[in-house]
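I have placed the structure first, in the form of structure tokens, so that the comments after it can refer back to it.
Bear in mind these aren't lab numbers, they're just calculated from the coordinates by the rules spelled out. None of the values given here were measured: they were computed from a predicted structure. In this analysis, Cβ positions are derived from the backbone assuming ideal geometry, glycine residues included, and neighbour counts consider all displayed protein chains.
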Amino acid sequence: MNFLVGYFVGIWNTVRRLRMWLLLYFVTLVFAVLLTIPFFDVMDQSIGNSLELPKLLPGYDHTVVDDFLHAHGKKMSAVIGQFKGFTVFFVLLYIFLTGGILQTYDLLSEKFSRQRFWSGCTTNFWRVLRVFLLFTVIQVLVALLIYYPLGEFFGKGFDGINDERTFYKAGAFAVGIHVLLASFFGMISDYTKVRLVKKNQFSVLKETWESTKFVVRHFFKTYPLYLLNLLTFVGLFALYVFLGRQIGMISKTTIVVMFIIQQLFIFLRIGTKLMNLASISAMYDAVVLKSRKQEKPLEIEGMTPVASTESTNTASTNLADNNPPTSDGPMEILDTQSDSPTNDEENQDYNEREFLENLDQFQEES
Amino acid sequence: MNRILFLLILGLFVSDGVAAQPTISDDPLSSRIASYDIKVKLDTTDKTLTGTEILHWKNTSKDTITELQFHMYLNAFKNSMSTFNAESDRIPSAFRSLEEESWGWVEINEISDEQGNDLTASMAYFQPDDQNEYDQTVLKVILTQPIYPGETKDYTINFTSKLPKIVARTGYSKNYYLLAQWFPKIGVYESTGVRYAEKGQWNCHQFHARSEFYADFGVYNVEITVPKSHIVGASGVLQSSNLNADNTKTYIYRAEDVIDFAWTASPQFLVIKDKWKHVDIRLLINPEHNDNSYRFLQSAKESMEYFTKNVGAYPYTSLTMVVPPMHGIRSVGMEYPTFITCLSFAGLPEGIRTPEIITAHELGHQYFMQMIASNEFEEPWLDEGFTTYFENRMMDHYYGEHSATIDMFGYKIGGLENTRSTYTGMSNPKISEVFRPAWGFTHGGYGSLSYHKTGTWLSTLERMIGIETMNQIIKTYFERWKFKHPCANDFIDIVNEVVTQEHGDRFGSTMDWFFDQVLYGTDICDYELHDISNELINKRTGIFEIGTEKEFIKFDEKNPVEADSIYISKVIIHRLGEATYPVDVKIRFENGKEITENWEGLDRTYEFKYTGKHKIESAIIDPEQKILMDMDFNNNSLTKKPEKAAVWKYTAKFLFFIENLMMTISALI
């Protein structure tokens, strides 16, 4: 699977899980509404009956906004302040939900099941949390690694340089490098989560290392795919800005229209997040499957080995569901993702049939 | 050495250039009390200036002068204990990191009078403002020969100035030099009646962290020698330039009827020339900022046009504009006679109008402080406030009332809007009265009050009395006080005179009540339209005898019978602030009828009461927003039929913002 196919598989799998998509949208909306209600109250009660208010309709009016903030800034600070408290809760909630998302994309052949989704949320919470913590540290270190030297460079002022254009270039270069590196580590983080769930593993460090090896080994598939997903978001944002400029919020009608567009944008933004995980999951599956096809038949302990090409017609091999990990360890499957796979190298719960069905269906429909 | 001798020598020196220095104006515009002939050489290795200045000082008072007082401004940068540094916000560790090359100073090596008496031994630093013994920014010299009324005496001063790394708009940064306050400069002798002087006295303040300058008018003949690679710009008009044998170049400038002389040098300047009417404009700009050159030139021409029309003629024939390189940013945004420094960033978008604003502001100073030479030490509002006021007028006129400062991505701010919100947004707008010496704003407020509060109250005054009356005041002020030293009272006298002349006693017998509040007081203004009520009267219910019949009438507030539809309607106003201004109150009834009431604005609470068949729909205090000093315009009005689309608009935006914030956070997971 090349990255373009992975990208479209990601879109397709996201669309197929519309109910999950809607669920995430409504969770986000409910949280945001809870924080927005106090904002509405402050604005309505403070200047809602003022004749100055309509001046805000055609566009920004500095005097109205500034007087409002001077007079009611403390109330607005309190409204914004609530967000800080919500942030921690929201992060934990999203970590929780991400577990469900990952579980859902691991079982694409089956219909979306709320029960399975919530079960995935619970089962994978600690995995995702630990990945989040680890990669937060990594991202902070990456940022420090880039911006500390940049700060030092800026701190020297104009020693050794003539004009501010050098600063611009240095800043743009640093931001560019940061985007590339942050997205690279973000990608490893996502592959780690996918692997942890697919393989029902708990060792975050080990899976991070394996994921790193995986994305490096398949860099020209994984990284372009990740950047494409990122660009999709950038494209959506650009489209929103364009529409926002064309339409504006200057009348009751345009306010309603823009509100719908804004919510559509948020919905699609959530979609890009799902699409990213879906495409990563698909890419991971495809790479592993390809390796398996080329190199070794699927071997399962206690079962007759079958060629992977035939496995699409066999009964479900959803090992995670049918054979949960025991105290002796999870059921072993040959790991075919590495260059020299062995039975002992990898333990994975991999639903090959499901993936192929999914891919076939996508190719047929596309 | 007398002046003629100096000029003869100067003439010999520039023999390959211009033989005679042309005067710029045929008749002196000013009393030319303090004139200078200066020869100075810039040493770019040691960052020093060595020079000789001949001061021609005229005693225009009736007093016999026995001592001279000099500003030694560069000594403000001599050490951390100077008054300038002690008052500045710089933390001590910031000073510790400075190497010797960063500090600056000036010293007089020798001073003598025209009889050849060496006065050097009589020199002594002193501290008229704060007795800070470490401060050496004011020097007095005891004269051997007194200066009698009407006499002009010459003094020859040999001085050395070590330039600091640029601070407070003077010094060097790499190979860029901005030379301001670079020579020993005589103070102002205020004779009896000048400003607040009850008797003749020197007005020569120390250099403070927040103060600017004050000087007498004169003629400056300045001969500047720099490495030949350096391009020079200066106050006044270039008379000639000559290459010297030692790889240096000498520029000779003459500036007439000015209060100061500043210059710049850098090998990297591009020189762009333009002309506005009789004025030769010269823009010195680094290549990286050249894209914005047209903005500076356009703004300069617009400003001169505007000031000429609304204040008075620009009498000089030159204007030099310097756009410092970014490493010399501490020299941006400063005004010197016919010489200003501006600001630009490489790639600055057009919607950010910093170049235009700074150009307009500094050009405004050519009037307020340069020609109308107020005392910037003691009354900073007289120059900064007036300049801010005119900067806003000019910017709003040319670039839009709501977009003169910023106009980007739908985010727009006007000039006056920005000034007013800077004042109303102060954490403590009562921190000080405006009328205070610059160094008196010890706990903040210098900028916000001197610039922005003054700009706001001048605009308030303009809206109250009308633009024509305001222009008349400004023009009268300019004509009466150009090339002199006015003070607050002089301006207030003109306001009282013109307002009375134009409006009679509409605003009272004088406008002193206004100045007592905005200039000498700290009170704030805030009117609030507290409530609108419409109460039905004749709420008849029960059995009434109408003629011989008994009629049962049941009162229905929603559908009152026609005869009962009489309302007592009230508009209740609160005065939340201490300051008072007369204001209009406009009341609109449901049938579209509008009434405008005049209210003195004195009572703490006040009501307008009406009885009629129609309810009050809305009311607004100061509908034309004349009283810009009002801290909150939003509470000036109420309506019974609010149009809340804007609330929904911003609620939707806020919701969208929060959702995006949450999604951004979720991207980390």
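Extents of the range A:19-86, taken as max minus min of Cα coordinates on every principal axis and listed largest first, are 44, 27, 18 Å.
Per-residue ellipticity at 222 nm computed for chain B from its helices equals -7000 deg cm²/dmol, with DSSP H segments shorter than 4 residues left out and the rest contributing -39,500 (n - 2.57).
Using only the Cα atoms of the range A:3-293, what semi-axes does the equivalent ellipsoid have when each is the square root of 5 times a gyration tensor eigenvalue? Give whole Å, largest first.
Working: eigenvalues 279, 158, 74 Å².
Sorted largest first and rounded, they come to 37, 28, 19 Å.
By other beta-carbon atoms within 10 Å, ranking B:TRP457, B:TRP599, B:TRP439, A:TRP118 with the fewest at the front produces A:TRP118, B:TRP599, B:TRP439, B:TRP457.
Return the whole-Å distance between the Cα centroid of the range A:32-109 and the Cα centroid of the range B:331-402. Taking the Cα centre of each part, the range A:32-109 and the range B:331-402 sit 39 Å apart. Taking every alpha-carbon pair under 8 Å whose residues sit at least 6 apart, the range B:28-224 reaches a relative contact order of 34 percent.
What is the log10 of I(q)/I(0) for the range B:28-224, computed with the Debye formula using one identical point scatterer on each Cα and no solvent, at q = 0.16, 0.17 Å⁻¹? Result of the Debye calculation: -1.06, -1.18. Only Lys, Arg, Asp and Glu carry charge here, each on its Cβ (+1 for the first two, -1 for the last two); on that basis the range A:1-153 has a dipole of about 880 debye about its Cα centre. About the centre of its Cα atoms, chain B shows a dipole size close to 1340 debye [charges on the beta carbon of Lys, Arg (+1) and Asp, Glu (-1) only; nearest 20 debye]. Across chain B, the relative contact order, built from alpha-carbon pairs under 8 Å that are at least six residues apart, equals 10 percent. Listed by Cβ neighbour count within 10 Å, with the fewest neighbours leading, A:MET76, B:MET394 appear as A:MET76, B:MET394. Whole-Hz Karplus values for the range B:148-153 come out as 8, x, x, 7, 10, 10 Hz, taken residue by residue from phi with 6.51 cos²θ - 1.76 cosθ + 1.60 and θ = phi - 60°; glycine and proline positions read x.
Considering the range A:87-229 at the alpha-carbon level, its Rg and Dmax are found to be 19.1, 64 Å. For the range B:107-122, putting each phi into the Karplus relation 6.51 cos²θ - 1.76 cosθ + 1.60 with θ = phi - 60° gives couplings of 9, 8, 7, 7, 9, 9, 8, 6, 8, x, 5, 7, 9, 4, 5, 8 Hz, in residue order, rounded to whole numbers and with x for Gly and Pro. As a ratio to 2.2 N^0.38 Å, the alpha-carbon radius of gyration for the protein assembly as shown is 1.24. Residues of the range B:312-333 with an amide N closer than 19 Å to a point placed 7 Å from the Cα of B:LYS273 along the Cα-to-Cβ direction: B:316-323. Overall, the protein assembly as shown carries a charge dipole of about 2500 debye about its Cα centre when +1 sits on the Cβ of Lys and Arg and -1 on the Cβ of Asp and Glu, all other atoms neutral. Once each part is reduced to its C-alpha centroid, what is the distance from the range B:207-285 to the range B:63-137 in angstrom? When both Cα centres are located, 24 Å separates them. Measuring spread by the Cα atoms of chain B yields a radius of gyration and Dmax of 30.8, 124 Å.
Normalised by the number of residues in the range A:3-293, the mean separation of alpha-carbon contacts (under 8 Å, six or more apart) gives a relative contact order of 31 percent.
Going from the residue with the fewest nearby Cβ atoms within 10 Å to the one with the most, B:PHE507, B:PHE159, B:PHE84 rank B:PHE507, B:PHE159, B:PHE84. Of the GluC sites (Glu not before Pro) found in the range B:295-403, the ones in coil according to DSSP and having at most 16 other Cβ atoms within 10 Å of their Cβ are B:GLU350, B:GLU401. Take each residue of peptide A:37-43, count the partner chain Cβ atoms within 10 Å of its Cβ, and average: the result is 4. Across the options A:ILE280, B:LEU461, B:PRO324, the greatest Cα extent toward the positive end of the charge dipole of the protein assembly as shown (unit charges at beta carbon of Lys, Arg, Asp, Glu) belongs to A:ILE280.
If you wrap the tightest convex hull around every Cα atom of the range B:527-647 and split its volume per residue, you get 135 Å³.
Taking one quarter of the surface of the convex hull spanned by the alpha-carbon atoms of the range B:385-518 gives a direction-averaged projected area of 9.2 nm². Backbone phi angles across the range B:431-442, fed through the Karplus curve with coefficients 6.51, -1.76 and 1.60 (θ = phi - 60°), yield HN-Hα couplings of 4, 6, 7, 5, 6, 7, x, 4, 7, x, 7, 5 Hz in residue order; Gly and Pro are listed as x. For the range A:1-154, the calculated P(r) over all alpha carbon pairs, in 10 Å bins from 0 to the bin holding the longest distance, is 9, 22, 23, 23, 19, 4, 0 percent.
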